[in-house]
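Quick notes on the structure that follows.
The values are calculated or read from the model by the stated rules, or taken from the named source; none is laboratory data. Since we're looking at a predicted model, the values are computed, not measured. Using ideal geometry, Cβ is built from the backbone for each residue, glycine included, and neighbour counts are taken over all protein chains shown. Each accessible area value is taken on the protein alone, full model and side chains, heavy atoms only, with ligands, DNA and RNA left out. Shrake-Rupley method; radii C 1.70, N 1.55, O 1.52, S 1.80 Å.
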Amino acid sequence: MGLFGFGKKHHEAEEESKAVDVDDAVDADEATEADETTENADDTAAAGGFGDGERGVDHGPWDVDDENIPDYDDYLDIGSLYLPFLQGIELRLKGARQTGTVMGATITLGNSSLEMEAFAAPKSYGLWDDVRADLLAANEGSREVEGVFGTELILPVKVKDKTLDTRIVGIDGPRWMLRGIFTGPAAQPDGDDEEKTTLDKYFSDLVVDRGEEPLAPRDMIPMHAPVGPAERAKQAEAESKDDGQDAGKDIPGKPKGPLSKTLETQTQTTLRRGPLFSEVR
């Protein structure tokens, strides 16, 4: 089953990917206006308390339909996830080379990284307990720990001649499971490193959009190329003027095929006060 434990089709798509670098997408003057709610980790994260209370009521990660969800109008929309803006991070999208389909998203902060993917889950129960059990059985040396997000998993991964720990977190929401894979200093379950604190807070601020598309349990909820607040505002304005038609049309700028140089240019325009970008196709 390996590290991910989610099915052959998903792995084959990732194996076809290759990296393509995109130029710096941050405007230095506007970057200082990044969302203050994610710029510094709050006292809850520092105290290791994301597991306290109820997800969707007292803390995130959030579902788009949660009653207490924070305002995410300024978040970056990549389909299944709305990502907070945070100064100093780099966002990397992972996609299938042949189709251009986005298959995952990773942010890097200093020497740490956080890979984020959301998967479909049954209505009646969550997936994280089963997924964690599968990973424990398939990976020698893995172990469970109690962390800020409840029961987490430490999984050693061999990189060249070194063995490094990754910290895998699973959050069950309404018909979805969000998985986060932390590396670097953020992977230490008992650490108080600033990178870990910041990325834990970032993960808790994510907003998941399950959508209404029929999906089998453990299928990845589709992602798409980044759409920023300005594009969403234009869409909302257009829909408000369209009194006699259904809202919810295709998002402006959403790609119909493989990622292109044109798309890369649009991404830079979108993210003038957000993360740096690399895209994979």
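For the stretch 194-212, name all the residues that are under 15 Å from Pro84 (Cα atoms) and either assigned to a helix (DSSP H, G or I) or open to solvent by less than 10 Å² (accessible area, probe 1.4 Å) (or both). Talk me through it step by step, then tell me what you get.
So the first thing to find is which residues in the stretch 194-212 are under 15 Å from Pro84 (Cα atoms), and the list is 198-209.
Result: Thr198, Leu199, Asp200, Lys201, Tyr202, Phe203, Ser204, Asp205, Leu206, Val207, Val208.
Just to verify a result, which residue in the stretch 123-137, among those that are at pLDDT below 95 and of a type outside the set (Phe, Trp, Tyr), is farthest from the chain's Cα centre (by Cα)? Write out each step before concluding.
So in the stretch 123-137, the residues at pLDDT below 95 come out as 123-126.
Of the ones still in play, those that are also of a type outside the set (Phe, Trp, Tyr) are 123-124, 126.
Numbers: Lys123: 22, Ser124: 24, Gly126: 18 Å.
Checking each candidate, the answer is Ser124.
Within the bounds of the stretch 140-156, is there any residue that is in contact with a Phe, Trp or Tyr (Cβ under 6 Å, 6 or more places away or on another chain) and either assigned to a loop (DSSP other than H, G, I, E, B) or modelled with pLDDT of 95 or more (or both)?
Taking the stretch 140-156 first, the residues in contact with a Phe, Trp or Tyr (Cβ under 6 Å, 6 or more places away or on another chain) are 148-149.
Restricting the remaining residues to those that are either assigned to a loop (DSSP other than H, G, I, E, B) or modelled with pLDDT of 95 or more (or both) gives 148-149.
Checked against the condition, which is being in contact with a Phe, Trp or Tyr (Cβ under 6 Å, 6 or more places away or on another chain) and either assigned to a loop (DSSP other than H, G, I, E, B) or modelled with pLDDT of 95 or more (or both), the stretch 140-156 yields at least one hit.
From the list Phe149, Phe50, which one is surrounded by 15 or more Cβ atoms within 10 Å (Cβ to Cβ), in contact with a His (Cβ under 6 Å, 6 or more places away or on another chain) and of a type in the set (A, V, I, L, M, F, W, C)?
Values: Phe149 fails: in contact with a His (Cβ under 6 Å, 6 or more places away or on another chain).
Unique residue meeting the criteria: Phe50.
Could you list, in sequence order, the residues of the stretch 166-193 that are open to solvent by 40 Å² or more (accessible area, probe 1.4 Å) and in contact with a Lys or Arg (Cβ under 9 Å, 6 or more places away or on another chain)? First the steps, then the outcome.
Within the stretch 166-193, the first condition is being open to solvent by 40 Å² or more (accessible area, probe 1.4 Å), and the residues that meet it are 172, 174-175, 183, 185, 188, 190, 192-193.
Of everything in the stretch 166-193, those that are open to solvent by 40 Å² or more (accessible area, probe 1.4 Å) and in contact with a Lys or Arg (Cβ under 9 Å, 6 or more places away or on another chain) turn out to be Asp172, Pro174, Arg175, Thr183, Pro185, Gln188.
Filter the stretch 55-114 down to the residues that are polar (S, T, N, Q) and more than 19 Å from Lys201 (Cβ to Cβ), then identify the one that is most open to solvent (accessible area, probe 1.4 Å). Step through it out loud before you land on a result.
Narrowing the stretch 55-114 to residues polar (S, T, N, Q): 68, 80, 87, 98-99, 101, 106, 108, 111-113.
Cutting the leftovers down to more than 19 Å from Lys201 (Cβ to Cβ) gives us 80, 98-99, 101.
On the way: Ser80: 0, Gln98: 141, Thr99: 77, Thr101: 65 Å².
In this case the residue turns out to be Gln98.
Does Gly180 qualify as being without any contact (Cβ under 8 Å) to a residue 60 or more places away in the chain and assigned to a strand (DSSP E or B)? So that I can check it myself, show each step before the final result.
Working: without any contact (Cβ under 8 Å) to a residue 60 or more places away in the chain: no; assigned to a strand (DSSP E or B): yes.
Spelling it out, it is not the case that Gly180 is without any contact (Cβ under 8 Å) to a residue 60 or more places away in the chain and assigned to a strand (DSSP E or B).
I'd like the full set of residues that are under 19 Å from Met220 (Cβ atoms), of a type in the set (Gly, Ala, Ser) and in a loop (DSSP other than H, G, I, E, B), limited to the stretch 108-138.
Ala121, Gly126
Quick check on my filter: what residues within the stretch 119-141 are surrounded by fewer than 15 Cβ atoms within 10 Å (Cβ to Cβ), aliphatic (A, V, I, L, M) and under 14 Å from Met177 (Cβ atoms)?
Selection gives Ala133 alone.
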